[in-house]
Every structure is written in structure tokens, then in C-alpha cells.
1. Only one of these conditions is not met by residue 75: (1) within 20 Å of residue 40 (Cβ to Cβ); (2) more than 13 Å from the chain's Cα centre (by Cα). Which number is it?
2. How about the stretch 98-113: which of its residues are on the phi < 0 side of the Ramachandran plot and surrounded by fewer than 16 Cβ atoms within 10 Å (Cβ to Cβ)?
3. Can you tell me which residue is surrounded by the fewest Cβ atoms within 10 Å (Cβ to Cβ) among those in the stretch 71-90 that are under 19 Å from residue 13 (Cβ atoms) and touching a strand residue (DSSP E or B) at 6+ places or on another chain (Cβ under 6 Å)?
4. Search the stretch 51-69 for residues that are more than 19 Å from residue 9 (Cβ to Cβ) and pair each with any residue that is in a loop (DSSP other than H, G, I, E, B) when their beta-carbon atoms are under 9 Å apart and the residues are at least 6 apart or on different chains.
5. Spot the failing condition for residue 68; the list is (1) touching a strand residue (DSSP E or B) at 6+ places or on another chain (Cβ under 8 Å); (2) at pLDDT below 90, and only one is missed.
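The values are calculated or read from the model by the stated rules, or taken from the named source; none is laboratory data. Small disclaimer: the values here were computed from a predicted structure and weren't measured. Note that each Cβ is placed from the backbone with ideal geometry, even for glycine, and that neighbours are counted across all protein chains shown.
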């Protein structure tokens, strides 16, 4: 299992990385910008990606398309409620911020929407 985290808030990204590692996930890569996420995707294949939808002046739709084409399980992490139709169209699960460890585990294990 190799996981990409795209999150522009550094502390949120580090917290998620720490939670994943405490759950036994060894290969976690962090990106704080779309450019870095694309560079990491050039270097690695990901099984899961936790993606912040709102990246300040852009959103993560560009990287979603790239990762979805590889079969990566996509998880949008956001403080906003997202419509089920939107998530279905994106081929993504949803995890609300702030998140709990149980929500992270549910996303990795269940293949359903995890909400906190």
C-alpha cells in the first residue's frame, strides 16, 4: 500500500501522515501543491490518495483525473459537505475535517464514505 496525501495545510497533512503510519502504513508521500503531487505521481504508483479538494487558488480535480485513471482509491478530505452525486462523479470517497482515526481506518478498509 502506498498513499499520497495532497493537503495545503501542513499540520493537517502531518497529522494524517502520522495517523496512517501508526496504523502500519509505511509508504506515505506528502504534497502541499499540485505540482509536487504530479511529480510524485511520476515517481510512484499509489493505491490510495487523500486529497484536499480546496487548494487555495485551485482545486484537486486535475490530479483526481490522473489518479483515477490508474485505479487509485480517491478520498476527498474537506471541511465541507460534498454531495453524493459529486463524489460519485469524481469516483471518490469523502472524509470530513477534522477527521478521526476511525474514519481513516474505515476509508482504508470499507470502500464506503467515511464521515466524522
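1. (2)
2. The first filter runs over the stretch 98-113 and keeps only residues on the phi < 0 side of the Ramachandran plot, leaving 98-110, 112-113.
98, 100, 101, 102, 105, 109, 110, 112 - these are the residues of the stretch 98-113 that are on the phi < 0 side of the Ramachandran plot and surrounded by fewer than 16 Cβ atoms within 10 Å (Cβ to Cβ).
3. First, the residues of the stretch 71-90 that are under 19 Å from residue 13 (Cβ atoms): 72-80.
When the remaining residues are screened for being touching a strand residue (DSSP E or B) at 6+ places or on another chain (Cβ under 6 Å), the result is 72-77.
Details: 72: 22, 73: 19, 74: 21, 75: 23, 76: 24, 77: 28.
Step by step, filter the stretch 71-90, then rank; the result is 73.
4. Cβ pairs passing all conditions: 66/72; 67/46; 68/91.
5. It is condition (2) that residue 68 fails.
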